[in-house]
């Protein structure tokens, strides 16, 4: 899913109302879980809940009949579809019910792979930075998806610099094992939101944070640990989770985007489960 | 003393003898009895006015007095067996080991005599006691038993003490005369030979009477009781020397760990007077490869009367011991990832993994070349035998063919490999392994749950973990640090999130860890176990030449993800478990060197890639003595047991042994199973051995006395030793009747009886 740039600046009261509506509209099944609420013998797709800065169309937006916060973009449908395909296509036993967690939750470690979406306006608190740093140092794996252009990349760069100071981002070449763990991927796919898919793969620059810069080249950029293992990957200029969420929106979309999004997703999950 | 005055003979005589009467119970005796009874009846008529309660005690006292008189008339005797005079020998055994040169008292300043001086002073008294009817012969012992003409020339110079061996040798082999007893003057030191084997000594039937000399503790002494170190470690790794220090007064001690002249670690310890035995780990770096002698020295800040027991050495082989581990997994899961990550930290473990990612795809990691595991499971028996450990995860048995199942079972039983089975949806009986040959090798009975409603054996749940009593003694439960904290270190681990119901344990199985299913409580952000029903979690057993283990969980990854990043318990557990199991597998080539007295017992095991014994080859051992001048010795083939030779050596010190096996198995793959590196060190003799555990070993002396029928005597009181020997029951005995008619006790008793009767009658007004 992607967003529409706001015609006017946000107002505080409108934001609060919108947030309340968004909260009430969120599915009740994904209330904060306690330890062991989930069957930890399964792979549990876990979405991270975070705060974004700005007002309407920045920190939140209206789409499909309700307000959405940035963190919940594509959630939970993307994870539900992806878990189903994981069970069908691989030997991974994935939970059908995705979890959602904050980076400060004490049981964050029960999901050694966490997923963050639409991080272009993300702002992490000190406690969240500390929580994410501990998670990553323990061997956890973070996947960031669905952010486009230079300004949104810079936003993630600044946030992650506080989490792991001194780390440098590396763009993974297509020869990297993550592209070949299960499927042999020869080209990093660019998955657009459904609304733009009919005109191409690159989303319009007006939909993203300014300055957008180049949005034509999708890539996986990564933080590596001292042993060369991936700790954080960022699928930039692409919306892999949208490819999962929209699989049933039409034959054209499924064949051109969902299949590629599943191939990337499966490879990333199996890589995280093996390295 | 009073006993012998009253009863005329020593206590030992009464303990061993029987009471009897020498005189006949004839006319005279019956006449006396009748007369006495008649007199009693006459006198009793004078008491007719008394009540029954008063008459009965008087009559009883009178009858008792009559009884004593009648007993005297019957001539009482004590029938005993005692040493026959002139035909028996008592051996006096003198401890001439170096520990007898140490102070006899706890405080050497208060009594400056050595233990040997005390023993020499005692010898005359002991001989005087022992010669009541027997001659004495003098022996001395340290590492060996020898005859001594006198004590004058004996000096405390023996480097070792073989007390039990010396006593057994003397009791069983002395044949010059009948041996009635052995009196041994000793501090009880036993630092060579086996002190627990007392059966042979007891069976000789000769009572041993130890005379205990020496203090229970030595003031100011700090002793390095133990210094534990693995025999083989990797280069440039950190290792801990585990020290056990005994002290009595509490003080500061400087500890140094040395390799030759190089100081590897130094630390100052403050010893608490309330904790006389302290265990402490001193970390140090192993440094580069090589065979090394590691020495630990204690330097007390105050004067130490026994500085010789402050130093111990251990031999350490620093070498790269690479283990090849094969992990077969049928399901991408977090346990797989975190085992791989942990093992990646260990340069000595090569982990090769084969993971089923989809129904038709697999993913290999850690392979040495493109051919390794190219067909999935190793394609030949030899290829499988190259691994030291095989781990099987959640993989259905149908993933392997019948021949591969046979190889796997033979891998444990015949090759001597190690196997670890993990929990999982498709593991153990749920994976169909219960009907495969490997089931015999596992330490648990695999039981398949049948029926449509049968719950799976593997399920999610909350489980705490604790070591069993045996587990607490196993290296597998040791996270390092203070040994007293071991149980607590397990208790504070995050809970496991799953458990695999395993079947009954086989008779040879050992449970190392238990899972606790039960009551939990939340402490802060953690859930900890309060109590619960224990179920086996980590079980091991020896099977054939190999070893197998079952770990009934696949959620130890929580120990990594739910603890702070610097918490190493997950890593330590897995690395130790893998090293322990892989290290237990048989190596293709093995060298062992044992010290037997003044000889080296060199043994070499040599096998080919199928782990069949290599025969028809010649092997040479190269021996390098401490002073240099290496020499070669041919090793003799031993049918079914490799090659061996006993090599005499010239003196104490560290000897190096090297065996060159080049060319003995030309077809061996470079990916071969671990070879121990055929080189070893062996130390002949231990410096200052007699200064260790140099206090009086009273416990051993009591066991010896109890086992042989003797008694432990103190240096300040050996009176009674002669009687104990005379009536000890050993040697040539004769039967004697010792008259008791004049034993003072009988007359004292008679007087007491009559006095009691007189006193009662006077009190009741009958006189």
_Could you check the stretch A:202-226 and list, in sequence order, the residues that are more than 14 Å from every other protein chain (Cβ to nearest Cβ) and without any contact (Cβ under 8 Å) to a residue 12 or more places away in the chain?_
A:204
*Tell me, please, whether a residue that is within 14 Å of chain B (Cβ to nearest Cβ) and under 20 Å from residue A:248 (Cα atoms) can be found in the stretch A:67-75.*
no
*Assess whether residue A:187 counts as being farther than 18 Å from residue A:111 by Cβ and surrounded by 20 or more Cβ atoms within 10 Å (Cβ to Cβ).*
no
*Identify the single condition in (1) surrounded by fewer than 24 Cβ atoms within 10 Å (Cβ to Cβ); (2) under 14 Å from residue B:329 (Cβ atoms); (3) away from chain A (no Cβ under 14 Å) that residue B:404 does not satisfy, given that it satisfies every other one.*
(2)
*Tell me, yes or no, whether the stretch B:730-744 has at least one residue that is touching a helix residue (DSSP H, G or I) at 6+ places or on another chain (Cβ under 9 Å) and free of Cβ contacts under 8 Å to residues at least 40 places away in the same chain.*
no
*asked:* Suppose we keep only residues that are touching a helix residue (DSSP H, G or I) at 6+ places or on another chain (Cβ under 8 Å) and surrounded by 20 or more Cβ atoms within 10 Å (Cβ to Cβ) within the stretch A:106-117. Which one would you say is farthest from the other protein chains (Cβ to nearest Cβ)?
replied: A:117
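Looking only at the stretch A:241-262, decide whether some residue is within 14 Å of chain B (Cβ to nearest Cβ) and under 21 Å from residue A:84 (Cβ atoms).
Within the stretch A:241-262, one or more residues are within 14 Å of chain B (Cβ to nearest Cβ) and under 21 Å from residue A:84 (Cβ atoms).
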*Inside the stretch A:144-178, can you point out the residues that are under 18 Å from residue A:115 (Cα atoms), assigned to a helix (DSSP H, G or I) and within 14 Å of another protein chain (Cβ to nearest Cβ)?*
A:163, A:178
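Residue-by-condition table, conditions (1) assigned to a loop (DSSP other than H, G, I, E, B); (2) surrounded by 16 or more Cβ atoms within 10 Å (Cβ to Cβ):
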site	(1), (2)
B:421	no, yes
B:424	yes, yes
B:434	no, yes
B:439	no, yes
B:452	yes, no
B:459	no, no
B:463	no, yes
B:470	no, no
B:484	no, no
*Which one of these does residue A:141 not meet: (1) over 19 Å from residue A:38 (Cβ atoms); (2) buried (at least 23 other Cβ atoms within 10 Å of the Cβ); (3) touching a strand residue (DSSP E or B) at 6+ places or on another chain (Cβ under 6 Å); (4) within 13 Å of chain B (Cβ to nearest Cβ)?*
(1)
*Pick from B:575, B:610: which is more than 30 Å from residue B:335 (Cβ to Cβ) and touching a residue at least 24 places away in the same chain (Cβ under 8 Å)?*
B:610
*Of the numbered conditions (1) buried (at least 22 other Cβ atoms within 10 Å of the Cβ); (2) more than 42 Å from the chain's Cα centre (by Cα); (3) more than 9 Å from chain A (Cβ to nearest Cβ), residue B:360 fails exactly one; give the number of that condition.*
(1)
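So which residues in the stretch B:721-742 are surrounded by fewer than 21 Cβ atoms within 10 Å (Cβ to Cβ) and touching a strand residue (DSSP E or B) at 6+ places or on another chain (Cβ under 8 Å)? Walk me through it before giving the result.
Step one: filter the stretch B:721-742 for residues surrounded by fewer than 21 Cβ atoms within 10 Å (Cβ to Cβ), giving B:723, B:729, B:732-739, B:741-742.
Of everything in the stretch B:721-742, those that are surrounded by fewer than 21 Cβ atoms within 10 Å (Cβ to Cβ) and touching a strand residue (DSSP E or B) at 6+ places or on another chain (Cβ under 8 Å) turn out to be B:729, B:732, B:733, B:734, B:735, B:736, B:737, B:738, B:739, B:741.
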*Hand me the list of strands (runs of 3 or more DSSP E) wholly inside the stretch B:268-369 holding 1 or more residues that are out of contact with any helix residue (DSSP H, G or I) (no Cβ under 9 Å at 6 or more places or on another chain) and without any contact (Cβ under 8 Å) to a residue 24 or more places away in the chain.*
B:362-365
*asked:* Just to confirm my filter: which strands (runs of 3 or more DSSP E) fall fully inside the stretch B:136-249 and include at least 2 residues that are buried (at least 17 other Cβ atoms within 10 Å of the Cβ)?
replied: B:178-186, B:208-212, B:223-228, B:238-246
*Taking residue B:117 as meeting all but one of (1) part of a loop (DSSP other than H, G, I, E, B); (2) free of Cβ contacts under 8 Å to residues at least 24 places away in the same chain; (3) within 22 Å of residue B:713 (Cα to Cα), write down the number of the exception.*
(1)
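How many residues does the stretch A:124-138 hold that are in a helix (DSSP H, G or I) and away from every other protein chain (no Cβ under 11 Å)? Spell out how you get there, then give the answer.
Taking the stretch A:124-138 first, the residues in a helix (DSSP H, G or I) are A:126-137.
Imposing the further condition that a residue be away from every other protein chain (no Cβ under 11 Å) reduces the set to A:126-132.
Final tally of qualifying residues: 7.
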*Is it the case that the stretch B:28-45 has a residue that's surrounded by 13 or more Cβ atoms within 10 Å (Cβ to Cβ) and assigned to a loop (DSSP other than H, G, I, E, B)?*
no
*Of the conditions (1) more than 25 Å from the chain's Cα centre (by Cα); (2) at pLDDT below 95; (3) closer than 30 Å to residue B:241 by Cβ, residue B:559 clears all except one; give me its number.*
(2)
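At pLDDT 85 or above and closer than 24 Å to residue B:18 by Cα, is that true of residue B:118?
Values: at pLDDT 85 or above: yes; closer than 24 Å to residue B:18 by Cα: no.
No; evaluated as a whole, the condition is false for this residue.
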*In the stretch B:580-619, which residues are farther than 14 Å from residue B:664 by Cβ and in a strand (DSSP E or B)?*
B:592, B:593, B:594, B:595, B:596, B:599, B:600, B:601, B:602, B:603
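Would you say residue A:265 is under 30 Å from residue B:356 (Cβ atoms), within 14 Å of chain B (Cβ to nearest Cβ) and part of a loop (DSSP other than H, G, I, E, B)? I'd like the intermediate steps shown before the answer.
Values: under 30 Å from residue B:356 (Cβ atoms): yes; within 14 Å of chain B (Cβ to nearest Cβ): yes; part of a loop (DSSP other than H, G, I, E, B): no.
No: the conditions fail for residue A:265.
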_When you scan the stretch B:601-615, do you find a residue that is at pLDDT 90 or above, surrounded by fewer than 18 Cβ atoms within 10 Å (Cβ to Cβ) and over 27 Å from residue B:413 (Cβ atoms), even just one?_
yes
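Given the criterion surrounded by fewer than 24 Cβ atoms within 10 Å (Cβ to Cβ) and within 12 Å of chain A (Cβ to nearest Cβ), identify the matching residue among B:399, B:383, B:409.
Details: B:383 fails: within 12 Å of chain A (Cβ to nearest Cβ); B:409 fails: within 12 Å of chain A (Cβ to nearest Cβ).
On inspection, the qualifying residue turns out to be B:399.
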*asked:* If residue B:570 satisfies all but one of (1) modelled with pLDDT of 90 or more; (2) more than 12 Å from every other protein chain (Cβ to nearest Cβ); (3) within 20 Å of residue A:110 (Cα to Cα), what's the number of the condition it fails?
replied: (2)
*Taking residue B:598 and the conditions (1) surrounded by fewer than 19 Cβ atoms within 10 Å (Cβ to Cβ); (2) more than 21 Å from residue B:388 (Cα to Cα); (3) modelled with pLDDT of 90 or more; (4) away from chain A (no Cβ under 14 Å), which numbered condition does it fall short on, given that it satisfies the others?*
(3)
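Could you look through the stretch B:46-77, keep only residues that are surrounded by 11 or more Cβ atoms within 10 Å (Cβ to Cβ) and in a loop (DSSP other than H, G, I, E, B), and pick out the one that is nearest to the chain's Cα centre (by Cα)?
It comes out as B:75.
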*Residue that is surrounded by the fewest Cβ atoms within 10 Å (Cβ to Cβ), among those in the stretch B:313-344 that are within 14 Å of another protein chain (Cβ to nearest Cβ) and over 30 Å from residue A:88 (Cβ atoms)*: B:344
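The values are calculated or read from the model by the stated rules, or taken from the named source; none is laboratory data. Not measured: the values here are computed from a predicted model. Every residue, glycine among them, receives a Cβ derived from its backbone with ideal geometry; neighbour counts consider all protein chains shown.
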